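Have a look at the structure below, then the notes.
The values are calculated or read from the model by the stated rules, or taken from the named source; none is laboratory data. Since we're looking at a predicted model, the values are computed, not measured. A quick note on method: Cβ atoms are made from the backbone with ideal geometry, for glycine too, and the neighbour counts reach across all protein chains shown.
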Amino acid sequence: MATLTFVYSDSTVVLGPLATTADPYCHDLCQGHADRLTVPRGWDVIRLDFDPAQFGPTLDDLETLADAVREAGRSKAVDPLAVGEADVPAGTVEGARRGHLRVLRTTD
């Protein structure tokens with residue numbers, strides 16, 4: 001994987017490691033497309049020499065992801081059908097229900 005960056009003012013294309021921030025002039029490429037890259041006539045290509053493996057996820061990244069998944073599994077999901085009277089705004093009553101949708105009517 002590599003990131004292709006256009007520098008229009010210099011008519012230059014830079015091919016380097018994956019970008020960590022979003023930029024409208026950057027595009028991520030798979031290895032096959034990065035190897036076969038061609039640019040418009042008159043443009044320069046700068047290919048930065050880098051090892052893609054050094055930019056992979058670290059052990060800390062993987063542990064953080066695993067902790068987040070565990071935490072998400074522990075949190076209790078809210079059942080949309082288990083709505084209490086406190087969820088009905090004041091001055092209204094629940095008229096009908098279809099699945100997770102409900103009709104509220106004013107008490108007037």
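What the table below lists for this structure:
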{"read-out": "Cβ-Cβ under 9 Å pairs, at least 6 apart or on other chains, segment 40-67 side more than 22 Å from ASP28 (Cβ to Cβ), far side modelled with pLDDT of 90 or more and assigned to a loop (DSSP other than H, G, I, E, B)", "value": "GLY42/SER11"}
{"read-out": "Search result, residues across segment 2-59 that are part of a helix (DSSP H, G or I) and exposed (fewer than 10 other Cβ atoms within 10 Å of the Cβ)", "value": "TYR8, SER9, GLY32, ALA53, GLN54, LEU59"}
{"read-out": "Candidate set from segment 47-63 (those that are more than 20 Å from the chain's Cα centre (by Cα) and over 20 Å from VAL14 (Cβ atoms)); member that is modelled with the highest pLDDT", "value": "LEU59"}
{"read-out": "Residue match in segment 74-91 (condition: surrounded by fewer than 11 Cβ atoms within 10 Å (Cβ to Cβ) and modelled with pLDDT of 85 or more)", "value": "no"}
